[in-house]
Structures are given as structure tokens and as C-alpha cells.
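Undergrad: Dropping the structure in here first, questions after.
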Amino acid sequence: MQIPVQKLKEIIVAENFISAADFDILAEEAARLGHNVSDVLVSKSLVSPEYLADLLSSYFGVEKANLNTRIIEKDILQLLPEELARQKKAIVFAKEESGVFDVAMEDPSDLATIEFLEQNLGGKIKSFLALGGDLNKGFAMYGKEMSQDFRQTIEENIKESLRMGKKGDEAATEVPIVAIVDNLISYALSTRSSDIHFEIFQDGILVRYRVDGVLHEIMKVPKEVHSAIVARVKLLAGLKIDEHYKPQDGRFRYKIGGGKDVLDVRVSILPTYYGEKVEMRLLSASQRPLSLKEVGLFDEEAEIVLENIKKSYGMILVCGPTGSGKTTTLYSILGLLNKPEVNIVTIEDPIEYDIKFINQTQINSQAGITFAGGLRSILRQDPNIIMVGEIRDAETADISVQAALTGHLVLSSLHTNDAPTAVPRLMDMHIVPFLVAAVINMVLAQRLVRSICLECIYSVEPSKEIIDVIRRQLKELGIEETFKLPKLIYHGKGCQSCGGTGYRGRTGIFEILNISEDIRKSIISPDFSLDGLKKAARAQGMISMFEHGLRKVERGMTTIEEVLRVIRE
């Protein structure tokens, strides 16, 4: 459902969000990337998703569904099976006394879908507008209802597989094993899981899902079907079924609910003491790069990033441990830089998302493609912007620095705990201080925290214990006197929408080291020290990740427990 581009231009320009000339440039960019203009406006934080929803609702004369604030009865929801709901991007959420069905739709003006739904439901429908996040809330409700059905289906297929007596690759294409793997993935999607772990131990197989960064045990499965399930996953990912003693990596695409949406599933097979462990990372194949605001940056921090990516050369580093969202942030920056006049090439391990008009190269050590080797080849491809997935060794660091010094903008990640530590980390890789000072434009460090569920959020005054913990942490950072303690903190009670956890989704907490002239002087100083660098950074206004997290605690975006958990990891 899209407002005609010319009409959208009239509205957006009249509201002074953007000039007519800049809108035309964005429209060309959207057409080139195959995105809707409205999506580009949101991703560049020029309009909010809420404003866009209000605009669509007003223009097409339909009400917003607001599924986040509605309780949908099970019988009503099930009037439209999940597969059809996902395929048609529609959720039945109420039935009026007149017999009319209220349906939340991505495109309430789609007459063909309306006619199909009326025939399927056996009555007239009233269409409501529901954007992606709203629809996902409805799809998640199917997941809550399918929990018991999921376990029952798995158990029935396990029994059937055991009765058939086939093992390994013989059973990989049989209906029961196919159904088990499909159900594991479908249920993981309904619970918003990012990863599926299939782990074998002495007494059976443990299935665990990672939801919002935290692992949850889902069920146990008999060992007898282990070889068949592993063989099925290997078959889907194009791996060697008869190889059991070497790690293997692959990927495959999974069609969601019979619709057009597809999921990229990245597969890792690892030999362990009792057998092969399977890890599946679930990645949306159609996900657009997030805006800096969606990633979790505040406006003033996003401005620092935008100023630095305007530079034609130098290095931008994103730091943090594994699983802290570094790649997502790098992709967001690439989304902003992806324009017709620049050549962007990446070297990654692995490629998380396929981005249109960006040349992405996958590390393949067997074929001789390493970060260092791939980077040398990239430099012969006339790039303007290079993204190196991770700087792991001195050779990669040296080539990256030379590239940044010779007219290229280089984006990369480092495994450090905070932003200032990136400087001595590069020095440890034998990059001399004056080159470090000359080449780095900005260092951004980050962690991911769980967001409070907005349907069960409540506020309380912080207890003495919490205040003491905050003060201790601030004292360690040397900023106890300069930070105002929050008067209220927030938590989630736990509800059906968040599965009783009190959390739903994740956001980033950040610290940004902007390399000014004073910082450069500190780096090349003969008596350089990390503590001295941190003091210089604080003097020019850098706030720590903990302070950034406290700001989000005050605004009800996360809890103090989450901030402390990731800061202390």
C-alpha cells in the first residue's frame, strides 16, 4: 500500500520534512535499490513509522488496526489459517455484530485480496491498515496458539520416524523428518528466535532457541532421530551428508508460510563428543538496512556518524564482542552510503544480508580467500568504500590502514570492550601511532540490550540497592559527580505478548570516540596511555556505554539490569 510518489512528495515537502529537490534524489535512490520511497524516508529518519502510518491511514480513508493494543480471541484469529494470513499479509482480529469481519491488512486497498478473504471467510470484511510491526504482532499470536500443537506434531513425527526404522541420509527425505525440521523453523519464527541450537548429549537431544539474545530450552528429542535430522539440515544447506568429523558451514532459503517472504538460514555443523551439533541462524532475506535511529543511536550520536561517513577516506571502526550487533550497524552505514556514484565492495565472514548494488565477497579459506588476501584483490577493483567484516590480524590491519590512507573509506569491526581500546589494539597489531592517529575517523563501541515490552511496562522508584550499584559503576568510570541519577526506572511485568519475560526486541547502547585534533595529539604523544586517551575523550564530550544505557533506562526503553548485564559481560 503506497501513496503515489508525486502525492507523497507534495505532502512531505509541504510539511517541510525535506526539499523538493532532495525528495527527487531520494525517489531515484529508492527506484535504483528497488525500495519504496516511504521506506527510504523512514530508514534515513526523515519521517517516523508512526507518521507514515497516520499518513497512509488518512490518505486511503481507513482506520489503523493497532494490533499491539488489541486482545484477539483464539477462535477469531484461527478463522484465517496462519499460512494464508502470512501469504496475504492479513490478520482477522474481530467480528462485528453485523457479521462483518475486521481484518488488519498491509494493503487495505488491494481489492483482489479483499475479494479472496470474503470468499474464504464467508462474509463481508472491513479492512484496517497494519504496517509490518503491527502484522508481526498478529503472526506472533499464531505462535502462542501453536506451542502445544508444535510439541504434539514433533512427537508424532518422531514416533513415525522411529517406526519406519530408517536412519541418516535414508531418512533425510522422509515425510516425518522433513516435518520435524520444518516445524522447528516455523515455531522458531513464531517466537521471534534468531538462532536454533540442536545439541546432542548422552541422554538425548536438546533443542534451544535464542530469543532477544537469551537462550531458552524448548524441548528434548530422542537420540535415535539425531542422524536423520542432521542429514536433513545438511541436505538443505548443500553440505556433505557423509562427513561427520569436520565442521561444515552452509546456508539455504526457507519460504515463510507458503508466501512470497523468504528466510535465509545460515547453518553451522560442529562435531562434538556425542555427535554433530547443529546451529541455524535465521536471517530475513528481504530485510532493508535499518536507520541509525532504529539501530538505537540518539539524534546527536547519529549526527556524529553522518558527519564521519561524509569523508572520502579514513577508517570507521565498530567495536564489541560477538553478538553485539556490529554487523547490523555496519550494514546500516552501508545503506546510507549506497549511491550510484560510489563503488562499494565488502569482504565478510559470513555475508549476513544480500544488499543490492554492493559487491559482497565471502571468506573461503579453502579457496584461499582470507580477509587479507581478499582485501588485496578488492583494492584492484577501483573501490570508493570498502567494508572489512573484521580486522583479526596484523596483515589485515596493515592493508586496511594503507587503503584508508590512499583515498578509500574503510569500514570494519574490532573485538574490543570499548571505543578507546581500539587505538592500542591497532598498535598491538604493529600499526605505528602516527598512522593510527592519521587514519581513524571514528570508533563506535556497542552492546545489545533487551527492550522492555511496551504492553506490560510499569515504572518504580529505584531501590537503594539499585542506586548503590549505579553509583559504584559510575565511580569506576570516574563520572559519579557529573551524572544525575534516574528518579524512575522501568520494568516489564510479563504478559502474553512477550512470553512472560517482560522484554520484546532489542536495541543498542553505544559510545562514540570522535577523533578530533586533540585526540590525535593524545595518540601520537610519547607518553600515550589508554587512561589518558579516555580522559581526553571525556573532555571532548564522549559518554560511556553505561551512561547511554542509563539514558535508555530513564526513557523506559530498557532496564538497569539489562544494561549492567551487558556492560559486565
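Undergrad: Which residues, taken from the range 531-569, are open to solvent by 50 Å² or more (accessible area, probe 1.4 Å) and part of a helix (DSSP H, G or I)?
TA: Taking the range 531-569 and keeping what is open to solvent by 50 Å² or more (accessible area, probe 1.4 Å), we get 531, 534-535, 538-541, 551, 554-555, 557, 561, 565, 568-569.
Of everything in the range 531-569, those that are open to solvent by 50 Å² or more (accessible area, probe 1.4 Å) and part of a helix (DSSP H, G or I) turn out to be Asp531, Lys534, Lys535, Arg538, Ala539, Arg551, Glu554, Glu561, Arg565.
Undergrad: I would also like to ask the following. Would it be correct to say that Arg70 is in contact with a strand residue (DSSP E or B) (Cβ under 7 Å, 6 or more places away or on another chain) and either open to solvent by 20 Å² or more (accessible area, probe 1.4 Å) or closer than 28 Å to Ala302 by Cα (or both)? Please lay out each step first, then the result.
TA: Values: in contact with a strand residue (DSSP E or B) (Cβ under 7 Å, 6 or more places away or on another chain): yes; either open to solvent by 20 Å² or more (accessible area, probe 1.4 Å) or closer than 28 Å to Ala302 by Cα (or both): yes.
When the stated conditions are applied, Arg70 passes them.
Undergrad: State the number of residues belonging to the range 106-117 that are free of Cβ contacts under 8 Å to residues at least 60 places away in the same chain and closer than 24 Å to Asp54 by Cβ.
TA: Step one: list which residues in the range 106-117 are free of Cβ contacts under 8 Å to residues at least 60 places away in the same chain, which gives 111-117.
Still in the running and closer than 24 Å to Asp54 by Cβ: 111, 113-114.
Within the range 106-117, residues that are free of Cβ contacts under 8 Å to residues at least 60 places away in the same chain and closer than 24 Å to Asp54 by Cβ number 3.
Undergrad: Is one or more of the residues making up the range 393-405 out of contact with any Pro (no Cβ under 8 Å at 6 or more places or on another chain) and part of a loop (DSSP other than H, G, I, E, B)?
TA: Filtering the range 393-405 for residues out of contact with any Pro (no Cβ under 8 Å at 6 or more places or on another chain) gives 393-405.
Filter once more, keeping what is part of a loop (DSSP other than H, G, I, E, B): 393.
Yes, the range 393-405 contains at least one residue that is out of contact with any Pro (no Cβ under 8 Å at 6 or more places or on another chain) and part of a loop (DSSP other than H, G, I, E, B).
Undergrad: Any idea how many residues of the range 351-368 are surrounded by fewer than 17 Cβ atoms within 10 Å (Cβ to Cβ) and of a type outside the set (Gly, Ala, Ser)?
TA: Residues of the range 351-368 surrounded by fewer than 17 Cβ atoms within 10 Å (Cβ to Cβ): 354, 356-357, 359, 362, 364-368.
Imposing the further condition that a residue be of a type outside the set (Gly, Ala, Ser) reduces the set to 354, 356-357, 359, 362, 364, 366.
Within the range 351-368, residues that are surrounded by fewer than 17 Cβ atoms within 10 Å (Cβ to Cβ) and of a type outside the set (Gly, Ala, Ser) number 7.
Undergrad: Scan the range 282-325 residue by residue and report those that are in contact with a Leu (Cβ under 8 Å, 6 or more places away or on another chain) and at positive phi.
TA: Gly314, Gly323, Gly325, listed by residue number.
Undergrad: Residues in the range 358-368 that are assigned to a loop (DSSP other than H, G, I, E, B) and either over 19 Å from Lys339 (Cα atoms) or charged (D, E, K, R) (or both): how many? Steps first, answer last, please.
TA: Within the range 358-368, the first condition is being assigned to a loop (DSSP other than H, G, I, E, B), and the residues that meet it are 358, 363, 368.
From what is left, the residues that are either over 19 Å from Lys339 (Cα atoms) or charged (D, E, K, R) (or both) are 363, 368.
Selection size over the range 358-368: 2.
Undergrad: So, of the residues in the range 325-350 that are of a type in the set (D, E, K, R) and within 20 Å of the chain's Cα centre (by Cα), which turns out to be surrounded by the most Cβ atoms within 10 Å (Cβ to Cβ)?
TA: Keep residues of the range 325-350 that are of a type in the set (D, E, K, R), which gives 326, 339, 341, 348-349.
After this cut, where a residue has to be within 20 Å of the chain's Cα centre (by Cα) as well, the list is 326, 348-349.
Details: Lys326: 25, Glu348: 20, Asp349: 18.
Out of the qualifying residues, it is Lys326.
Undergrad: If you go through the range 19-42 one residue at a time, how many are open to solvent by 20 Å² or more (accessible area, probe 1.4 Å) and either on the phi > 0 side of the Ramachandran plot or touching a Leu at 6+ places or on another chain (Cβ under 7 Å) (or both)?
TA: 1
Undergrad: Filter the range 385-410 for residues that are open to solvent by 40 Å² or more (accessible area, probe 1.4 Å) and among the acidic types (Asp, Glu); which is nearest to Gly314 (Cα to Cα)?
TA: By that ranking, first place goes to Asp398.
Undergrad: Just name the residue that is nearest to Leu33 (Cα to Cα) out of those in the range 319-343 that are in a helix (DSSP H, G or I) and among the small types (Gly, Ala, Ser).
TA: Gly335
Undergrad: Answer yes or no as to whether Ile355 is in contact (Cβ under 8 Å) with a residue 40 or more places away in the chain and either assigned to a helix (DSSP H, G or I) or within 18 Å of the chain's Cα centre (by Cα) (or both). Let's see the steps before the verdict.
TA: Numbers: in contact (Cβ under 8 Å) with a residue 40 or more places away in the chain: yes; either assigned to a helix (DSSP H, G or I) or within 18 Å of the chain's Cα centre (by Cα) (or both): yes.
Spelling it out, Ile355 is indeed in contact (Cβ under 8 Å) with a residue 40 or more places away in the chain and either assigned to a helix (DSSP H, G or I) or within 18 Å of the chain's Cα centre (by Cα) (or both).
Undergrad: What's the total number of residues in the range 88-108 that are of a type outside the set (D, E, K, R) and under 30 Å from the mean Cα position of the chain (by Cα)?
TA: Initial filter on the range 88-108 (of a type outside the set (D, E, K, R)): 90-94, 98-101, 103-105, 108.
When the remaining residues are screened for being under 30 Å from the mean Cα position of the chain (by Cα), the result is 90-93, 103-105, 108.
The qualifying residues number 8.
Undergrad: Would you call Glu547 acidic (Asp, Glu), under 17 Å from Thr416 (Cβ atoms) and in contact (Cβ under 8 Å) with a residue 12 or more places away in the chain? Break it down stepwise before answering.
TA: Numbers: acidic (Asp, Glu): yes; under 17 Å from Thr416 (Cβ atoms): no; in contact (Cβ under 8 Å) with a residue 12 or more places away in the chain: yes.
No, not satisfied.
Undergrad: May I pose another question? Restricting to the range 111-121, name every residue that is closer than 27 Å to Pro4 by Cβ and either open to solvent by 50 Å² or more (accessible area, probe 1.4 Å) or in a strand (DSSP E or B) (or both). Lay out the reasoning, then the answer.
TA: Of the range 111-121, the ones closer than 27 Å to Pro4 by Cβ are 111-118.
Across the range 111-121, the qualifying residues are Leu111, Ala112, Glu115, Phe116.
Undergrad: Would you say Val47 is of a type in the set (Val, Ile, Thr), under 30 Å from Asp22 (Cβ atoms) and in contact with a Ser or Thr (Cβ under 9 Å, 6 or more places away or on another chain)?
TA: Values: of a type in the set (Val, Ile, Thr): yes; under 30 Å from Asp22 (Cβ atoms): yes; in contact with a Ser or Thr (Cβ under 9 Å, 6 or more places away or on another chain): yes.
The answer is yes for Val47.
Undergrad: Further question: Looking only at the range 80-103, which residues are open to solvent by 70 Å² or more (accessible area, probe 1.4 Å) and within 21 Å of Gln496 (Cβ to Cβ)?
TA: Lys95
Undergrad: Restricting to the range 268-296, give me the number of residues that are aliphatic (A, V, I, L, M) and modelled with pLDDT under 95.
TA: First, the residues of the range 268-296 that are aliphatic (A, V, I, L, M): 269-270, 278, 280, 282-283, 285, 290, 292, 295.
Next cut, modelled with pLDDT under 95 only: 282-283, 285, 290, 292, 295.
The qualifying residues number 6.
Undergrad: Out of the strands (runs of 3 or more DSSP E) lying entirely within the range 411-526, which hold 1 or more residues that are buried (at least 21 other Cβ atoms within 10 Å of the Cβ) and touching a strand residue (DSSP E or B) at 6+ places or on another chain (Cβ under 7 Å)?
TA: Values: elements: 440-452, 457-460, 489-492, 503-514.
Strands (runs of 3 or more DSSP E) meeting the threshold: 440-452, 489-492, 503-514.
Undergrad: Could you tell me which numbered condition Thr559 fails, if it satisfies all but one of (1) within 30 Å of Val439 (Cβ to Cβ); (2) in contact with a His (Cβ under 7 Å, 6 or more places away or on another chain)?
TA: Here Thr559 clears every test but (1).
Undergrad: Of the numbered conditions (1) touching a residue at least 40 places away in the same chain (Cβ under 8 Å); (2) surrounded by fewer than 19 Cβ atoms within 10 Å (Cβ to Cβ); (3) under 18 Å from the mean Cα position of the chain (by Cα), Val262 satisfies every one except a single condition; which is it?
TA: The one condition Val262 does not meet is (1).
The values are calculated or read from the model by the stated rules, or taken from the named source; none is laboratory data. Just so you know, these numbers come straight off a predicted model, no measurement behind them. Because the Cβ atoms are built from the backbone with ideal geometry, glycine has one as well, and the counts that use them run over all protein chains shown. Accessible surface areas use protein heavy atoms only, side chains included; no ligands, DNA or RNA. Shrake-Rupley method; radii C 1.70, N 1.55, O 1.52, S 1.80 Å.
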